[in-house]
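Comments concern the structure below.
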Amino acid sequence: LPRDNLNEFWAVRRRWATLTNALSMLAAAAYFWYFKDVDVKVTYTAVALVGAAAGILDILLFLEVPEPDSLAFKDHQPPPPTAPFTAPAFRGMVWYTAFFSFGVMFAAPYFQLYVLKVLGLPLHQVLVLWFFHALGGSLFSQRIGRLADRVGQRPVIILCTALKSLVV
């Protein structure tokens, strides 16, 4: 892995994952728009079956991925899972990530319910909104990774946390 631009390296990988997410949201929006007059039990059953098939295909494709040699722990035992909580250098980041993830994951279902029920947007329009959210993340991930390589991760995390209310 490249040491001088590691954040950008991971950001490029993240960009492709986020772009795939965005395209799947767009496909789902088109699907639900096209079949908006079909009984919801039928459309959701079809989506569940496609999702299950994609999950099985994902596992089968991963079986073909060669596992690289693990060089990190050949001579000693890996650290215990509690290591980040006991290491002062990581403890703050673990707590920050835990609270941030809890807040976002706690609020996310209510955002969707609010947009669907209170604002009355149809499902396909909500999925298009999520598409643009994911597309924005995909387009800016490499720039944010490059910025983290240049100024450090902490300033970028502070900036992103301060601006998160604009995109959540």
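The values are calculated or read from the model by the stated rules, or taken from the named source; none is laboratory data. Predicted model, so just to flag it, every value in this text is computed and none were measured. A quick note on method: Cβ atoms are made from the backbone with ideal geometry, for glycine too, and the neighbour counts reach across all protein chains shown. Accessible surface is based on the protein model in full, side chains and every heavy atom, while ligands, DNA and RNA are left aside. Shrake-Rupley method; radii C 1.70, N 1.55, O 1.52, S 1.80 Å.
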Per the rule of 0.36 nm per residue minus the C-alpha distance, extending residue 102 to residue 64 adds in nm 10.2 nm
Taking Cα atoms only, helix 6-34 is inclined relative to the longest principal axis of the chain by an angle, in degrees rounded to 10, of 10 degrees
Result for the chain: accessible area per residue, probe 1.4 angstrom, in square angstrom, of 79 Å²
Simple SL model, points at 7 angstrom along Cα→Cβ for residue 111 and residue 160; separation in nm is 1.4 nm
Residue separation between residue 85 and residue 45 times 0.36 nm, minus their alpha-carbon distance, gives in nm 10.2 nm
Using the Kirkwood radius over Cα pairs of segment 1-125, the Stokes-Einstein translational diffusion coefficient at 4 °C and 1.567 mPa s, in µm²/s and rounded to a whole number, is 67 µm²/s
Computed over the chain: longest principal axis from alpha-carbon atoms vs helix 88-113 long axis, angle to nearest 10 degrees, is 0 degrees
Of the accessible area of segment 68-152, computed with a 1.4 Å probe and all protein chains kept, carbon and sulfur make up a percent value of 72 percent
For the chain, the longest principal axis of the Cα atoms and the Cα long axis of helix 153-163 enclose an angle in degrees, to the nearest 10, of 30 degrees
